[in-house]
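Have a look at the structure that comes next, please.
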Number of protein chains: 2
Amino acid sequence: MLTAEIIAIGSELLTPDRTDTNSLWLTEKLNGIGIEVKLKTIVGDDDARLEETIKDALRRSRVVIMTGGLGPTEDDITRKIAARALSRRLLFNEKVLSEISSKFERMGRGMPEINSRQAMVIQGAEVLDNPNGTAPGMYLEHNNCAVVLLPGPPREMRPMFENFVQPRLAAKVGDVRVVRRILRVVGLGESAVDERIAPIYTQYKNPQTTILFNRSEIEIHLTAQAKTEKDAELLLDGLAGQIEERLGHSIFAFRGETMEEVVGLRLAVGGFSLGVAESCTGGLISQRLTEVPGSSVYFKEGVVAYSNDAKTRSLGVDSELIRQHGAVSAVVAEAMAEGIRHRADTDFGLSVTGIAGPSGGTEDKPVGLVFIALSDDAHTEHRKIMLPGDRHLIRWRASQAALDLLRRRLI
Amino acid sequence: MLTAEIIAIGSELLTPDRTDTNSLWLTEKLNGIGIEVKLKTIVGDDDARLEETIKDALRRSRVVIMTGGLGPTEDDITRKIAARALSRRLLFNEKVLSEISSKFERMGRGMPEINSRQAMVIQGAEVLDNPNGTAPGMYLEHNNCAVVLLPGPPREMRPMFENFVQPRLAAKVGDVRVVRRILRVVGLGESAVDERIAPIYTQYKNPQTTILFNRSEIEIHLTAQAKTEKDAELLLDGLAGQIEERLGHSIFAFRGETMEEVVGLRLAVGGFSLGVAESCTGGLISQRLTEVPGSSVYFKEGVVAYSNDAKTRSLGVDSELIRQHGAVSAVVAEAMAEGIRHRADTDFGLSVTGIAGPSGGTEDKPVGLVFIALSDDAHTEHRKIMLPGDRHLIRWRASQAALDLLRRRLI
């Protein structure tokens with residue numbers, strides 16, 4: 001197996017607030033084409049240490065990927081130091097400059113003088129175009145080692161890796177394909193999932209299975225190796241099928257889709273429309289649903305009825321109901337779901353009301369108490385749930401539970 | 001300033017799913033006592049690479065902290081390889097063994113034979129007790145370098161660092177305190193910020209300045225060193241004041257606050273209330289505002305009017321206006337802001353309408369075209385902006401621009 005190492009460059013990555021996360025994505029992509037990551041280094045904007053790090057990497061690894069430090073400022077030292085570590089010259093590239101400058105023109109701005117630094121290219125390197133930014137990447141072969149320079153922002157780095165770097169590296173590797181599949185689970189804890197499926201997955205060395213806890217979701221990662229992608233997919237189908245038999249509808253995604261994608265697809269396929277009424281989640285459910293391209297086909301309207309007054313005025317919730325039962329109650333959740341369905345004239349109305357904290361809890365209605373409700377023209381139902389975590393997590397988990405209620409209705 | 005490097009050990013840290021996070025916590029603790037982290041390495045259970053990594057670290061840093069690889073299994077190679085890199089022997093320690101074995105007794109279990117590995121101690125090292133686990137840590141001085149071995153689980157590592165390592169390192173450092181401050185900028189690009197403030201910050205070695213690009217925001221990180229925290233804060237005040245003179249209201253936060261926190265505080269202090277009408281941002285503005293605890297004081301209601309019908313019905317936007325100018329237009333943005341202000345009976349109405357893509361763009365109205373509007377009882381104004389990026393970024397940037405319009409009105 002080819003071995004790679006990843007060097008993340010930038011002093012901000014050595015602070016308490018930020019760390020390199022590009023390497024996780026890169027590792028997945030590298031593993032996918034059969035390349036193993038053996039070492040990761042995070043180094044600041046420090047000439048001497050970066051040079052030493054690059055030289056060490058070139059000596060011991062067949063693939064060296066650097067991310068970050070390609071910006072236009074004085075701090076961005078990757079071009080210069082990589083050239084030095086490779087004992088190659090840094091050459092001014094007229095074509096790259098004119099591309100950068102036309103990117104600025106298209107944004108209706110002149111190119112700041114300092115951006116001309118980004119037109120310096122390491123001798124012998126191929127220039128990798130950056131569709132989402134001004135810093136081009138570079139690819140070169142040096143003493144049988146593939147050396148890659150990519151910008152730090154994930155939105156720039158990722159397409160450049162996929163379009164230019166991955167095919168070049170895959171060609172070096174030859175016939176091993178590694179395919180991963182992510183199954184996502186809702187409504188079951190990590191140990192419950194493990195207890196049910198361990199008797200199955202422990203029988204397999206290939207695919208390999210890892211169970212991960214990710215926010216409010218359990219993910220089951222399956223990784224298969226084979227000579228072709230198709231063979232690897234077949235291995236995954238076999239194991240995933242057995243896991244599905246054990247977990248049933250608790251698995252909401254078989255290909256790593258998000259809950260909002262899964263729900264959106266079901267709405268679109270069924271030709272259904274949706275309105276959402278939120279209190280404690282404050283717009284999060286609407287925001288998640290509309291993050292999916294094309295969601296305007298099924299998502300019609302959302303209301304964030306934070307005040308009691310808004311619940312009555314905008315959703316038609318009887319103020320007497322709120323007075324008697326409180327805004328956080330089953331009857332109010334149901335009235336909100338019915339209210340948004342009528343008002344937005346949709347097939348489904350989905351609602352959430354609860355106490356996200358940190359304050360506002362009482363003995364009867366503690367922080368974490370959430371009611372979700374779903375209404376269609378036949379009936380309206382609710383669920384009462386108690387969610388652990390801080391404000392952020394309670395809101396996220398409440399949005400997930402509400403979307404899952406709709407998903408199960410659509411199955 | 002003393003320089004440290006951190007080595008995180010364990011093959012699981014080289015997978016796509018997990019990375020070292022101990023180093024973030026350690027960095028904060030080290031910075032707090034005036035020690036700078038210059039390099040981080042993540043290395044697997046690989047004898048040769050780990051030995052090389054430790055040797056390099058010993059040569060160039062005054063403090064070397066290793067985490068992980070102290071467990072009882074064959075994979076746990078840190079003790080053995082650290083001893084080899086230091087050219088010291090690994091000695092069996094009777095006292096450590098009896099402590100480990102009595103920990104097992106207290107749990108009502110016998111000590112598995114393999115745990116006796118954890119009683120091997122590097123020659124000359126001080127043993128650091130682990131109250132939450134079986135693996136003891138180690139501390140030693142080697143050629144003027146402080147070498148620290150700590151277990152990987154945060155629950156075990158953190159108290160051991162605080163109780164044993166931090167006081168020893170603080171004594172080596174003497175009287176240095178390091179304080180960081182984060183300034184956040186809106187509406188200016190990285191190069192524009194750098195061009196305006198480089199003439200100032202380049203004159204200072206202390207505080208140090210780093211400019212970072214973080215989603216749609218520019219951050220300016222200032223780090224000051226002094227004998228006391230108060231002196232460091234004074235240094236920061238001086239430089240931050242000069243930067244503010246150059247950038248004015250483009251700086252929206254001086255202590256790393258988010259835009260929604262800054263806007264929320266201004267609304268709360270002024271006793272103002274707010275309603276939000278969103279189209280392309282789909283609830284994101286409401287969701288960001290309500291993520292802040294206590295936001296119910298000023299945030300009253302949000303409407304996600306995704307369909308034209310919802311804009312007319314829920315916000316009172318004249319359908320004739322939509323027909324004539326289109327839903328993405330200045331007049332509709334203003335009508336939405338006025339509509340939500342009347343309907344929610346708030347001091348301010350804030351609105352967004354635009355084309356987030358990927359589809360839906362035309363030559364006249366391309367993807368990225370966004371109108372934001374703000375209404376109060378005196379007048380209503382709008383801004384037309386063109387935002388770069390994909391759907392996710394356009395939505396995020398539109399929400400930021402809208403919140404910033406309100407922030408500037410509140411100044």
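The values are calculated or read from the model by the stated rules, or taken from the named source; none is laboratory data. Here the structure is a predicted model, which means the values were calculated and not measured. With ideal geometry, Cβ positions are generated from the backbone for all residues, glycine too; neighbour counts draw on all protein chains shown.
Take B:Gly270 and tell me if it is touching a strand residue (DSSP E or B) at 6+ places or on another chain (Cβ under 9 Å) and over 20 Å from A:Leu350 (Cβ atoms).
In short, no.
May I pose another question? Could you tell me how many of the residues in region B:283-336 are among the aliphatic types (A, V, I, L, M), in a helix (DSSP H, G or I), surrounded by 24 or more Cβ atoms within 10 Å (Cβ to Cβ) and within 32 Å of the chain's Cα centre (by Cα)?
3
Take region A:1-20 and flag every residue that is more than 7 Å from chain B (Cβ to nearest Cβ), closer than 22 Å to B:Leu50 by Cα and at pLDDT below 95.
Passing the criteria: A:Met1, A:Leu2, A:Thr3, A:Leu13, A:Asp20.
Tell me yes or no: at least one residue of region A:257-270 is assigned by TED's automatic domain parsing to the domain that holds A:Asp309 and in a strand (DSSP E or B).
No, there is no match, as no residue in region A:257-270 is assigned by TED's automatic domain parsing to the domain that holds A:Asp309 and in a strand (DSSP E or B).
Another question about this same structure. Only one of (1) free of Cβ contacts under 8 Å to residues at least 40 places away in the same chain; (2) polar (S, T, N, Q); (3) surrounded by fewer than 24 Cβ atoms within 10 Å (Cβ to Cβ); (4) touching a helix residue (DSSP H, G or I) at 6+ places or on another chain (Cβ under 6 Å) fails for A:Thr15. Which number is that?
(4)
Can you pull out every residue in region B:299-323 that is facing chain A (nearest Cβ under 7 Å) and more than 30 Å from B:Glu261 (Cβ to Cβ)?
B:Ser307
Considering only region B:63-81, state which residues are touching a strand residue (DSSP E or B) at 6+ places or on another chain (Cβ under 7 Å) and surrounded by fewer than 18 Cβ atoms within 10 Å (Cβ to Cβ).
B:Lys80
Then there is this: Going by the structure shown, is A:Lys55 at pLDDT 95 or above, charged (D, E, K, R) and buried (at least 21 other Cβ atoms within 10 Å of the Cβ)?
no
Evaluate the following for A:Glu334: is it modelled with pLDDT of 95 or more, acidic (Asp, Glu), assigned by TED's automatic domain parsing to the domain that holds A:Ala268 and touching a His at 6+ places or on another chain (Cβ under 9 Å)?
For A:Glu334, the condition - modelled with pLDDT of 95 or more, acidic (Asp, Glu), assigned by TED's automatic domain parsing to the domain that holds A:Ala268 and touching a His at 6+ places or on another chain (Cβ under 9 Å) - is met.
Follow-up question, since we're still on this one. Being surrounded by fewer than 18 Cβ atoms within 10 Å (Cβ to Cβ), touching a helix residue (DSSP H, G or I) at 6+ places or on another chain (Cβ under 8 Å) and of a type outside the set (Phe, Trp, Tyr): is that true of A:Ile114 here?
yes
Among the residues of region A:175-210, what is the count of those that are in a strand (DSSP E or B) and closer than 24 Å to A:Lys230 by Cα?
11
For region B:247-257, give me each residue that is more than 27 Å from B:Asp376 (Cα to Cα) and either surrounded by fewer than 14 Cβ atoms within 10 Å (Cβ to Cβ) or among the acidic types (Asp, Glu) (or both).
Within region B:247-257, B:Arg255 is the sole residue that qualifies.
Also, I was wondering about something else. If B:Ser23 satisfies every condition in (1) more than 10 Å from every other protein chain (Cβ to nearest Cβ); (2) closer than 30 Å to A:Arg181 by Cα but one, which is the exception?
The single condition B:Ser23 does not satisfy is (1).
Turning to a different aspect of this structure: Could you tell me which of the residues B:Asn130, B:Asn163 is modelled with pLDDT of 90 or more, in contact with an Asp or Glu (Cβ under 7 Å, 6 or more places away or on another chain) and either among the charged types (D, E, K, R) or farther than 20 Å from B:Arg84 by Cα (or both)?
Residue meeting the stated conditions: B:Asn130.
Let me ask you something else. Can you name every residue in region A:29-55 that is over 14 Å from A:Gln166 (Cα atoms) and either within 22 Å of the chain's Cα centre (by Cα) or facing chain B (nearest Cβ under 7 Å) (or both)?
Scanning region A:29-55 gives A:Val37, A:Lys38, A:Leu39, A:Lys40, A:Thr41, A:Ile42, A:Val43, A:Gly44, A:Asp46, A:Arg49.
Of the residues A:Ala83, A:Ala48, A:Ala119, only one is in contact (Cβ under 8 Å) with a residue 40 or more places away in the chain and in the same structural domain as A:Leu13 (by TED's automatic domain parsing); which?
Exactly one of A:Ala83, A:Ala48, A:Ala119 is in contact (Cβ under 8 Å) with a residue 40 or more places away in the chain and in the same structural domain as A:Leu13 (by TED's automatic domain parsing), namely A:Ala83.
For a quick check of your reading of the model, give me the residue pairs whose first member lies in region A:383-411 and is within 14 Å of another protein chain (Cβ to nearest Cβ), whose second is assigned to a helix (DSSP H, G or I) and among the β-branched types (Val, Ile, Thr), with beta-carbon atoms closer than 7 Å and at least 6 apart or on different chains.
A:Ser399/A:Ile285; A:Ala402/A:Ile285; A:Leu403/A:Val263; A:Leu403/A:Ile285
Listed residues B:Arg181, B:Arg168, B:Arg158, B:Arg84; which is away from every other protein chain (no Cβ under 14 Å) and surrounded by 16 or more Cβ atoms within 10 Å (Cβ to Cβ)?
Step by step, each of B:Arg181, B:Arg168, B:Arg158, B:Arg84 is checked, and only B:Arg84 is away from every other protein chain (no Cβ under 14 Å) and surrounded by 16 or more Cβ atoms within 10 Å (Cβ to Cβ).
Which residue is nearest to A:Ile35 (Cα to Cα), if the candidates are limited to region A:211-232 and must be charged (D, E, K, R) and in a helix (DSSP H, G or I)?
Going through the qualifying residues, I end up with A:Glu229.
Here is a further query. Inside region B:347-411, counting only strands (runs of 3 or more DSSP E) that do not spill past its ends, which hold 1 or more residues that are closer than 24 Å to B:His325 by Cβ and among the basic types (Lys, Arg)?
Qualifying strands (runs of 3 or more DSSP E): B:380-386.
Also: Could you tell me which of the residues A:Ile200, A:Ile182, A:Ile211 is touching a residue at least 40 places away in the same chain (Cβ under 8 Å) and farther than 16 Å from A:Gly238 by Cβ?
A:Ile182
If a residue must be crowded, with 18+ Cβ neighbours inside 10 Å and either more than 12 Å from A:Ser399 (Cα to Cα) or without any contact (Cβ under 8 Å) to a residue 40 or more places away in the chain (or both), how many such residues does region A:258-272 contain?
5
Residues that are surrounded by fewer than 19 Cβ atoms within 10 Å (Cβ to Cβ), away from chain B (no Cβ under 14 Å), touching a helix residue (DSSP H, G or I) at 6+ places or on another chain (Cβ under 7 Å) and over 20 Å from B:Val303 (Cβ atoms): does region A:356-368 have at least one?
No, every residue in region A:356-368 fails to be surrounded by fewer than 19 Cβ atoms within 10 Å (Cβ to Cβ), away from chain B (no Cβ under 14 Å), touching a helix residue (DSSP H, G or I) at 6+ places or on another chain (Cβ under 7 Å) and over 20 Å from B:Val303 (Cβ atoms).
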